[in-house]
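The values are calculated or read from the model by the stated rules, or taken from the named source; none is laboratory data. Bear in mind the structure is a predicted one, so any value in this text is a computation, not a measurement. Every residue, glycine among them, receives a Cβ derived from its backbone with ideal geometry; neighbour counts consider all protein chains shown. Ligands, DNA and RNA are excluded from the accessible area calculation, which covers all protein heavy atoms including side chains. Shrake-Rupley method; radii C 1.70, N 1.55, O 1.52, S 1.80 Å.
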Amino acid sequence: MSTIHTPDTLEEALGLLDKLEDTMVYGGGTAIQILIKQGILFTDHFIDIGAIPGLRDITPTPDGVTVGPLVSLRQMERDTRIVSASALAASTYAKVANPRVRNTASVGGNIAHGDYRLDPPTALMVLDATVQLSSIRGTRDVYAREFFVDFQVTEVQPDEMITGIHIPRQPADAAGAFVKYSSLAENDWPCASAAVLAVPGEFTELRIGLGALAPTTRYVAFDIEPDMSDQDVIDAALDIASTAIDPIEDIRGGVAYKARLGRVAVEDGVRAVMKELNHV
Ligand SMILES: Cc1cc2nc3c(=O)[nH]c(=O)nc-3n(C[C@H](O)[C@H](O)[C@H](O)COP(=O)(O)OP(=O)(O)OC[C@H]3O[C@@H](n4cnc5c(N)ncnc54)[C@H](O)[C@@H]3O)c2cc1C
């Protein structure tokens with residue numbers, strides 16, 4: 001039997017995380033409830049952070065937007081402060097599951113879940129987003145690119161919780177696309193996904209986040225040389241993505257099928273951003 005704690009302040013929550021063994025932060029509960037029903041999640045203590053002020057805030061900053069961990073995926077999809085900071089982030093959150101899940105699930109719980117198939121991490125990686133982790137030891141910011149360590153392993157330590165995610169503003173001249181392919185139903189978990197962002201500069205940087213294609217979310221990037229044709233860019237993207245694609249078999253597909261679909265997702269994403277760049 002688990003004990004549910006309902007701290008009123010962040011300090012109280014961090015104190016509980018420090019003091020108690022075998023604790024889990026309770027966000028939206030969509031993942032936790034399923035794992036409990038499946039009989040595979042046992043923990044002594046849940047820390048329900050729902051009463052702590054400020055954790056649902058969406059705060060525009062000079063360089064982007066910072067969101068509290070309890071902001072829902074549905075808000076990420078629809079809130080104008082998110083949409084104006086990053087169309088790619090908003091459109092990626094819009095592709096998670098269905099409205100019922102998106103209304104309940106939180107941004108903090110989503111990334112802390114650490115599942116290799118999650119959609120939002122692919123976009124957070126290419127957008128240079130950072131995750132704020134807090135404990136009684138202090139606060140640290142971790143790049144989304146470094147947050148996902150291995151299969152079901154993230155940077156969150158047992159005494160830490162996610163207290164915010166910062167998404168830098170998507171450059172106005174950047175082009176982004178999120179492509180997701182599911183094999184069982186349209187709004188099911190993906191068997192391959194790719195977020196692609198082209199960021200013009202001295203050289204245009206092409207960034208790719210890969211979902212469901214390895215034991216954890218993966219990131220690759222390269223500079224587009226001025227003399228590269230669109231097909232050259234697609235070929236280079238497929239080459240570099242291939243170094244990161246290392247699928248695990250699950251009910252949504254075998255290794256070869258997912259690897260093939262991953263290449264299709266990358267190609268479709270790169271085609272979409274090149275088309276957008278060429279029309280600016
Ligand atoms: C039917 C269904 C379909 C789905 N399809 C998709 C999909 O297509 N794409 C996709 O990306 N996701 C999908 N999901 C997963 C969904 O995105 C996650 O269940 C959800 O994002 C988890 O968020 P939550 O707030 O409910 O987390 P919770 O269930 O509350 O927690 C999940 C984990 O995160 C930890 N946690 C929660 N908040 C914090 C915090 N602030 N700090 C530290 N740790 C924390 C918990 O301790 C737990 O380990 C699907 C889920 C369901 C139920």
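Taking one quarter of the surface of the C-alpha convex hull of the stretch 1-79 gives a mean projected area of 6.5 nm². Each of Ala51 and Val149 was given a label point 7 Å from its Cα along the Cα-to-Cβ line. The distance between the two points is 3.2 nm. The Cα trace of the stretch 3-168 gives Rg and Dmax of 15.0, 46 Å, the first to one decimal, the second as a whole number. Highest average first, the peptides 2-9, 51-58, 26-33, 121-128 ordered by how many other beta carbon atoms sit within 10 Å of their residues are 121-128, 26-33, 51-58, 2-9. All Cα-Cα distances of the stretch 209-280, cut into 10 Å bins from zero to the largest, leave 19, 49, 24, 7, 0 percent in each bin in turn. Normalised radius of gyration (Cα atoms, divided by 2.2 N^0.38 Å) for the chain: 1.01.
Surface composition of the stretch 175-278: carbon plus sulfur atoms hold 49% of the accessible area, using a 1.4 angstrom probe and ignoring ligands, DNA and RNA.
Peptides 61-74, 136-149 ranked from most to least packed by the mean count of surrounding Cβ atoms within 10 Å: 61-74, 136-149. Taking the chain as the region of interest, the number of lysine pairs whose Cα atoms are within less than 28 Å, with members eight or more places apart or on different chains, is 9. The C-alpha atoms of the chain define a longest principal axis, and helix 10-19 lies at about 80 degrees to it. Taking θ as phi - 60° and the Karplus parameters 6.51, -1.76 and 1.60, the scalar couplings of the stretch 210-215 work out to 10, x, 6, 10, 6, x Hz in sequence order, x denoting glycine and proline. Rounded to the nearest 500, the helix-only mean residue ellipticity at 222 nm of the chain stands at -10000 deg cm²/dmol, with each DSSP H run of n ≥ 4 adding -39,500 (n - 2.57).
Which whole-number value in Å² is the accessible area per residue of the chain, probe 1.4 Å? Present the calculation step by step, with values, prior to reporting the outcome.
On the way: 12950 Å² over 280 residues.
Using a 1.4 Å probe on heavy atoms only, each residue of the chain averages 46 Å².
Roughly what % antiparallel, to the nearest 5, for the DSSP beta bridges in the chain? In the chain, DSSP labels about 85 percent of beta bridges as antiparallel. Per-atom-type breakdown for the stretch 3-168 gives carbon and sulfur 52% of the accessible area (1.4 Å probe, protein chains only). Residue by residue, the stretch 87-97 carries 3J(HN,Hα) couplings of 4, 5, 4, 4, 6, 6, 4, 5, 9, 6, 6 Hz when phi is fed to the Karplus relation 6.51 cos²θ - 1.76 cosθ + 1.60 (θ = phi - 60°); x denotes Gly or Pro.
The HN-Hα couplings worked out from phi for the stretch 259-264 by the Karplus form 6.51 cos²θ - 1.76 cosθ + 1.60 (θ = phi - 60°) are 4, 5, 5, x, 5, 5 Hz, whole numbers, x standing for Gly and Pro.
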